[in-house]
Amino acid sequence: MRAVQIVELTGPDSALRVVEMPDPEPSHPMTPGSGVVVDVHAAGVSFPELLQTRGEYQFKPPLPFVPGSEVGGVVRSAPEGAAVRPGDRVAAFCMLGAWASVAVAPEYFCFALPDDLDFAQGASLVLNYHTAWFALKLRGRLSAGEWVLVHGGAGGVGTAVLQVARGIGAHTIAVVSSELKERVAKAAGAEFVVRSDAAWKDQAKEISEGGVDLVLDPVGGDRFTDSIRSLRQGGRVVVVGFTAGSIPEVRVNRLLLSNTEVVGAGWGAYVMSKPDVTREIGAAISGLMDQGFIRPVVGARFPLSEAGAALKLLDEREATGKVVLEF
Ligand SMILES: NC(=O)c1ccc[n+]([C@@H]2O[C@H](COP(=O)([O-])OP(=O)(O)OC[C@H]3O[C@@H](n4cnc5c(N)ncnc54)[C@H](OP(=O)(O)O)[C@@H]3O)[C@@H](O)[C@H]2O)c1
């Protein structure tokens with residue numbers, strides 16, 4: 001098979017090589033001796049791969065290794081009893097090894113890909129949408145009619161969260177940094193869009209008539225205190241990531257005074273050993289897909305040989321929606 005490996009920890013410009021290597025066995029490290037083998041048509045590009053090119057991600061496989069966590073493709077083989085069969089179009093989460101023409105995923109991380117979504121959209125469906133459901137619903141306890149403010153609203157997680165929140169029946173406000181990103185967030189379903197360089201906290205409080213119920217934050221950094229200040233009584237800030245680079249600190253008296261919460265949402269760490277939770281989230285996402293709420297936004301497509309350029313879009317804050325590699 002053809003694959004991209006990380007061969008050294010020198011960043012997206014120089015860490016990657018395109019290689020030919022043997023196809024994988026039908027076995028996944030999370031389900032030893034068993035796994036769904038997928039002929040990959042598109043693979044997702046995400047922040048962990050960017051960090052991995054610099055050795056900065058918590059999960060550090062020995063070099064060289066094939067990065068990439070998710071794919072859209074066609075099942076080549078599946079173990080007995082699996083919900084998918086050879087020939088099925090699927091969205092699958094492999095954790096590692098997705099940047100290759102053949103990849104392996106645990107059976108419970110393979111989901112039917114509807115005919116009206118292309119393979120690139122399939123490669124956008126697990127990480128961000130499962131995180132969105134996990135963060136909004138299982139961690140943030142979001143209900144219909146509540147207000148959600150989404151930082152990085154034009155990004156991969158952001159666009160997914162906007163669509164899932166609408167599907168849950170919540171009202172949405174996206175925070176973004178540019179005019180282009182305003183358009184992307186609007187197209188992804190944001191009811192209101194505010195700019196990160198404007199008085200977004202005050203605007204959000206005005207739009208939501210007193211404060212939002214939930215802030216979904218993949219960005220972190222300086223804006224965190226204002227995220228807490230933008231909540232109404234009983235509100236929650238759900239922490240998903242730190243793309244701004246710095247990890248915020250909370251003065252907990254603010255939480256006491258306003259009866260608010262800061263909640264962590266680490267999807268991977270939670271679901272990896274819980275196939276039933278993954279099936280439950282998969283069913284919820286599939287339901288929202290059937291109702292037309294979910295259409296992954298693919299912002300950029302690259303050939304495998306340009307994986308470094310794909311990572312640089314994320315690094316330089318230029319990505320919108322999901323970035324994918326196509327085969
Ligand atoms: N907790 C979990 O389970 C989980 C799951 C999936 C992903 N994540 C994390 O969520 C984060 C977002 O992932 P993503 O795929 O949505 O990334 P993305 O598509 O690049 O979006 C991130 C957004 O962050 C904003 N941002 C603010 N400051 C930035 C900076 N200095 N550099 C880059 N972006 C900056 C940008 O929006 P503006 O320009 O509009 O500000 C950008 O659109 C990552 O940290 C990822 O690791 C966590």
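May I ask you to list the residues in the stretch 156-197 that are part of a helix (DSSP H, G or I), of a type in the set (A, V, I, L, M, F, W, C) and closer than 23 Å to G44 by Cα?
Initial filter on the stretch 156-197 (part of a helix (DSSP H, G or I)): 156-168, 179-187.
Right, trim to of a type in the set (A, V, I, L, M, F, W, C) and you get 157, 160-162, 164-165, 168, 180, 184-185, 187.
Passing the criteria: V157, A160, V161, L162, V164, A165, L180, V184, A185, A187.
Somewhere in the stretch 315-323, is a residue modelled with pLDDT of 95 or more, among the acidic types (D, E) and surrounded by 15 or more Cβ atoms within 10 Å (Cβ to Cβ)?
Going residue by residue through the stretch 315-323, those that are modelled with pLDDT of 95 or more are 315-323.
So of that shortlist, the ones also among the acidic types (D, E) come out as 315-316, 318.
In the following step, the residues that additionally are surrounded by 15 or more Cβ atoms within 10 Å (Cβ to Cβ) were identified as 315.
Yes, because at least one residue in the stretch 315-323 is modelled with pLDDT of 95 or more, among the acidic types (D, E) and surrounded by 15 or more Cβ atoms within 10 Å (Cβ to Cβ).
Being in contact with a Cys (Cβ under 8 Å, 6 or more places away or on another chain), more than 11 Å from the ligand (Cβ to nearest atom) and not in a loop (DSSP other than H, G, I, E, B) narrows it down to one of A120, A103, so name that one.
Just a single option satisfies the conditions, and that option is A103.
Based on this model, can you work out whether Q203 counts as out of contact with any Gly (no Cβ under 7 Å at 6 or more places or on another chain), part of a strand (DSSP E or B) and more than 14 Å from the ligand (Cβ to nearest atom)? Even if it seems obvious, please write down each step before you answer.
Working: out of contact with any Gly (no Cβ under 7 Å at 6 or more places or on another chain): yes; part of a strand (DSSP E or B): no; more than 14 Å from the ligand (Cβ to nearest atom): yes.
The answer is no for Q203.
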Screening P48, P12 for residues that are closer than 16 Å to V324 by Cα and outside any helix (DSSP H, G or I) leaves only P12
Just to verify a result, which residue in the stretch 217-274, among those that are part of a helix (DSSP H, G or I) and of a type in the set (D, E), is farthest from A165 (Cα to Cα)?
D222
Restricting to the stretch 90-145, name every residue that is touching a strand residue (DSSP E or B) at 6+ places or on another chain (Cβ under 7 Å), crowded, with 21+ Cβ neighbours inside 10 Å and among the hydroxyl-bearing types (S, T, Y).
S124
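Look through the stretch 239-259, keep the residues that are within 16 Å of the ligand (Cβ to nearest atom), free of Cβ contacts under 8 Å to residues at least 60 places away in the same chain and among the aliphatic types (A, V, I, L, M), and return whichever of them is surrounded by the fewest Cβ atoms within 10 Å (Cβ to Cβ).
From the stretch 239-259, those within 16 Å of the ligand (Cβ to nearest atom) are 239-248; that's our starting set.
Checking the rest, the ones that are also free of Cβ contacts under 8 Å to residues at least 60 places away in the same chain come to 239, 242, 244-248.
Within this subset, residues satisfying the condition of being among the aliphatic types (A, V, I, L, M) are 239, 244, 247.
Details: V239: 24, A244: 19, I247: 10.
Taking the candidates together, the pick is I247.
Here's the yes/no breakdown for (1) assigned to a strand (DSSP E or B); (2) closer than 23 Å to G299 by Cβ; (3) of a type in the set (V, I, T):
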| site | (1), (2), (3) |
| --- | --- |
| S34 | no, no, no |
| V40 | yes, yes, yes |
| A43 | yes, yes, no |
| Y57 | no, yes, no |
| L63 | no, no, no |
| G73 | yes, yes, no |
| P79 | no, no, no |
Condition broken by A310, with the remaining ones in (1) under 20 Å from the mean Cα position of the chain (by Cα); (2) in contact (Cβ under 8 Å) with a residue 12 or more places away in the chain; (3) assigned to a loop (DSSP other than H, G, I, E, B) satisfied:
(3)
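The values are calculated or read from the model by the stated rules, or taken from the named source; none is laboratory data. Quantities reported herein were computed from a predicted structural model and do not represent experimental measurements. Neighbour counts are summed over all protein chains in view; Cβ atoms, including those assigned to glycine, are modelled from backbone coordinates with ideal geometry.
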